[in-house]
Structures are given as C-alpha cells and as structure tokens.
1. Can you confirm whether Ile499 is among the aliphatic types (A, V, I, L, M) and modelled with pLDDT of 95 or more?
2. Considering each of Ala346, Ala398 in turn, give the residue that is in contact with a helix residue (DSSP H, G or I) (Cβ under 8 Å, 6 or more places away or on another chain) and assigned by TED's automatic domain parsing to the domain that holds Lys288.
3. Answer yes or no as to whether Leu368 is assigned by TED's automatic domain parsing to the domain that holds Ser279, touching a strand residue (DSSP E or B) at 6+ places or on another chain (Cβ under 6 Å) and either crowded, with 17+ Cβ neighbours inside 10 Å or hydroxyl-bearing (Ser, Thr, Tyr) (or both).
4. Could you tell me whether Ala212 is modelled with pLDDT of 80 or more, outside the structural domain of Gln338 (by TED's automatic domain parsing) and surrounded by fewer than 13 Cβ atoms within 10 Å (Cβ to Cβ)?
5. So Ile334 ticks every box in (1) within 29 Å of Arg427 (Cα to Cα); (2) in contact with a helix residue (DSSP H, G or I) (Cβ under 6 Å, 6 or more places away or on another chain); (3) of a type outside the set (Gly, Ala, Ser) but one. Which box is left unticked?
6. From the list Leu433, Leu453, Leu449, exactly one residue is touching a residue at least 24 places away in the same chain (Cβ under 8 Å), surrounded by fewer than 22 Cβ atoms within 10 Å (Cβ to Cβ) and in contact with a strand residue (DSSP E or B) (Cβ under 7 Å, 6 or more places away or on another chain). Which is it?
7. Kindly provide the set of residues from region 310-346 that are small (Gly, Ala, Ser), out of contact with any Cys (no Cβ under 9 Å at 6 or more places or on another chain), in a helix (DSSP H, G or I) and modelled with pLDDT of 95 or more, ordered by number.
8. For region 519-552, give me each residue that is farther than 17 Å from Ser565 by Cα and either in contact with a Leu (Cβ under 8 Å, 6 or more places away or on another chain) or not in a helix (DSSP H, G or I) (or both).
Amino acid sequence: MNGGQIIAQVLHKHGIPHLFTLCGGHIAPIYVEAEQIGLNVIDVRDEASALFAADASARLLGLPGIALVTAGPGVTNAITALKNAQMAQSPVLLIGGATATLLRRRGALQDIDQMALVRPHVKWAHRVKRLREIAPALTKALHIAQSGVPGPVFLEFPADLLYPEATVREWYGKKQKPAAGLGEKAVQWYIQRHVNGLFAGMRSFRLPERDAPRIPAFTGKELKAVIRDLSKAQRPVAVLSSGAMMDPRHVTALSDAVRQLGIPVYLSGMARGLAGRTSAVQYRHKRKMALREADCILLCGVPVDFRMDYGSHLNRKARKIVINRSREELRKNIKPQQAVHADPAAFLTALAAENPAFPDWSAWKKTLQEREAARETEIRQTAAEPVDGINPVGLFLAMEERIPDRSILIADGGDFAATSAYTLRPRRPLSWLDPGVFGTLGVGGGFALGAALHYPDDYIWIIYGDGSAAYSLMEFDSFRKYGMKVCGIIGNNGSWEQIARDQVPILGSATATSLPRSDYHKVAEAFGGAGERVESLAGFEQSLDRAMESMDRGIPYVINAVIGSTEFRKGSISM
C-alpha cells in the first residue's frame, strides 16, 4: 500500500467528496488513488483557486475542504488563499508535496522550508516522515480543522512516502554506485536503513476511527441569563455573521430559530440569506443607527472589528451579549455583560426551543422598517441617476428582479461587489459567498468551482470588478471543462474604483488606479465559453437571459458590463 492510497482511504472514510488540485509530480499518487476510490478530483489553473474552491466547499458542506498542491511554488502560490481561510475561520486541509526525505536541504528541485512559511497561517502544521504516520496525522488534521474555531491545517508529504515502495527502492537504488570502499558501503547501509524505516510498521495497519470535532458548549444558566436580558429589552438588535454558520448542516434549524425568536436581525457574511430573500425579522439598512439606539445587542459569531468601527457603532448603555466559538473574539474591542463561549447556531436553536415569551417589540420594528423603506427609496433614486455607462446600482436592481431563486451569489471585488451587497438579496441560506474579513481579491473562480459542485443545478453568479476579474478568469477553462453553470458579471468602469474613490479627492491623482476597458468576455470565448459586452441597462437585462440559456447547456458565460460611477459608496474605504 502506498501513501497515496492511504490518504485517499482516510479522506473517503471521512466522507470527503471533492479534492481540488493543480497537478504536480510530488503529489500525483494522491489524486490518482483518490479518483480510483471514487473521490471527485477537480483540477484548476492556479493553486490559489484550488484553495479557494476547498474553502467554499467547506463553508457549504460542513466537511473540511481539501486542496493538494505540489512542492515549492505550489505551496507558496496557495499562501494568500490559506490566510483567507484562516481569517474566515474555514476548515481547510492543504496537502503539500515535498522533496524526498533523503534529499531535503541538498538542493533538490522545489525544496524550500515550507513549514516556516505555512505555520503562521494554520491551526496545525505537520511534516509526515514515515508511511505508518500518514493515517493518524491525516485523521488528527481533519479533527483539528473542525474543532473549536474552524480553520486551515497543513500536512507536508515527501514524495518517497506517496509512491509505491518498489518504485521508491528503485529510485534510491539508482543513486547508489557499486561499493568501492568502507565509506561507500556505509552510505549504502545508511540509505537502505533509511528506506526500510520509511515503510516499517505497516503489517498491522488499520485506518484510525474518526474523531468528532470538539465544540465549546453553553450552559443552561447562560441560556436563562440571555432570556432575562431579552425579556427586559425594548429595542433589541441581533447581528449574525459567518461565525454563526460554521456547521452548515444545522442551517435549517438556525433559520427557523431566527424567525421564531422574532428579534430584529441584521445578517452579514455567510449569514446573508439565512432568513430568505425577505423576512419580517430581517433588516438590511441603517444597521449603525439601530445599534446606536438598541438597548440590548446580541452579537452571534460577529467580531467587533473594523466593520463595526471597533465597537463605536454599539450603544454604550446597551446590554451586550456576545456568543462566539472564539474565546478571543468574545471580548475583543467590547465589554459584554454576557460572554457565551459556544457555537452561536446551537445556542440560538436552543434559545428558540425554550419558546420564551418575549415582548412584542412592534413599535421598534416599525421604526426599523420605516428606515428600511426610506433607504430603499434612496437606492432606487440613485439607480435612476444618469451616468457615463450603465448605472451600477440600477444594474443590480435589474439583476435582483431577474435572477431565479436557484442562484448562488459570489462577491469578488471592491466597489462593484460591495454595491451588490446593498442591492442583491440572497434567496436562501448558504447562497452568498464572499472572502470575509481579509478582503482578498481573486476568490471568484475557486468559490464558483466549490459552489457549482455543491449546487450543480443552480446558477452561479460571480460579481467581479474589472480589477478582481483578472485574478481568476482563467478558471473559465475549468468551468467549461466540467460543464458548470457559472456566469461572471464584470463591472467594467476602467478603474480600481474602491481605491480611486478616495485616492483622487484626497491625494489628487489617479496613479495606478486606471484600467483599460478591456473585452474580458473574449477570455471566456477563448476557453469555449460564451459572453458579450453590454453598454446599456436594457442590453444587460437581455444578456441575463442569454447567460442562463448558455449555462443550461453547460457553457459558462461572461457579461462584460460597461458601467459608470455614482456617489453611492463615497467615503467607504476601510484601513
């Protein structure tokens, strides 16, 4: 049994359905053996996309996402995506190839200190040194990735542990010359001893049992304390974010709980869509104002970071309840009256099961709804303003009315993608993907791959800026290869608008922020996809129909929408 077989068997036992890779000689046995055992091996055009695809798969499936990359540049190309997974608290396993054990630090091809590069960005990093260590190390890595606060892990596998033993012995045999003296005999003895050690201890080999992830649990006392605080509140507000969505297998129960509890709720990150397209308890606008007026604030999987201006958005006099798997985030930039170290989804589900008799809160909800309606009116007025090109706000309002319920939305960009968050409504739970707190550009292609595998019958819409699109347009080759229903909508305004929006008025120059208004759709066409350039709102609306017809035939599409600029997000840059 070779190392590739062992890895494939462990992943299969853990129910992993997909592996994402960019091929390399160091890791070839893993994906070959994985395919033979029935795992779906998806190859991509960039190692970062493999990691992003694994990230999306983990978020949607509730199992660790697996990415395989070759040694050296394969690992280094994946670092940004690995860091994004860490900051997004996504359980991802990165498997990295490495040079053969006896050739380390001797100048072998692509041999670098990968552990030093990776270790700061993962929960656990380990170099496997013997065949018998593979299954225990892999089982441990998968357990760590899902336990507590989910996050990425890294395992490094030298090539001589992955290939068949006979092949490895042949490799090392070819490196030996006939022994001419005592010194050369000693070298041969050392090599033989080393190779024997690599494969020793396999006669009693068994796959380890799966370990259930460890999740921090709340107490009945904490549950009752939160019920008391909410029962006294006149103006409560709940905020749910990605930290409440760490186990997507429980998302239906969480969605039901949010509706049943009736607490006015704002959703962000992976929690977008949790209450459906519309809901009597969900609000989308003027969150800052609501938090400053609330007398009880419930933060569920929400870090108090720059997105909440480090706590300044919160009413200082309000009762603050923080529920988070992360002990660190319970008190970062906040002093809560209740700090519950537990899974937010499990806590809210249990809270709803108590069927507490909360106040009516109708007057407070009416105030929030009036603000909601006023903001929607402002958005529609902005959408009607004439600009040089398609008004981006108008574009998204038109898209909101035309895309079907079976749609997954992926935000990959700055200004254009952020505008979509105010105007597009995810149709259901787990139908919105964005990079998270790291703000990484380039997630679109990989996220779409992961989403298309999980939702093969849905339309996958990547909201690209014209800057961010360049990072992963090459993955349209992968979409076409696998017949995926993916459409990239590129807001083409010839600018890195998120940066230019403040750089130009503050610094007086557009240096390095300008882009040509390129024919991005032709990239899709070159890969066997389809697309078009549109320069009017009517043309964009018609292009959506053509895109869906194309996707239904397994042909990915690019809508290259020439847009103008509005004042919609003026002053929005975060630093």
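1. Values: among the aliphatic types (A, V, I, L, M): yes; modelled with pLDDT of 95 or more: no.
The answer is no for Ile499.
2. Ala346
3. no
4. Here the answer is yes, as Ala212 does meet what is asked.
5. The failed condition is (1).
6. Answer to the check: Leu453.
7. Ala346
8. Initial filter on region 519-552 (farther than 17 Å from Ser565 by Cα): 519-533, 538-539, 541-552.
Passing the criteria: Asp519, Tyr520, Val523, Ala524, Phe527, Gly528, Gly529, Ala530, Gly531, Glu532, Arg533.
The values are calculated or read from the model by the stated rules, or taken from the named source; none is laboratory data. As the structure is a computational prediction, the values presented were derived from the model and not from experiment. Ideal geometry is used to build each Cβ from the backbone, glycine not excepted, and the neighbour counts take in all protein chains shown.
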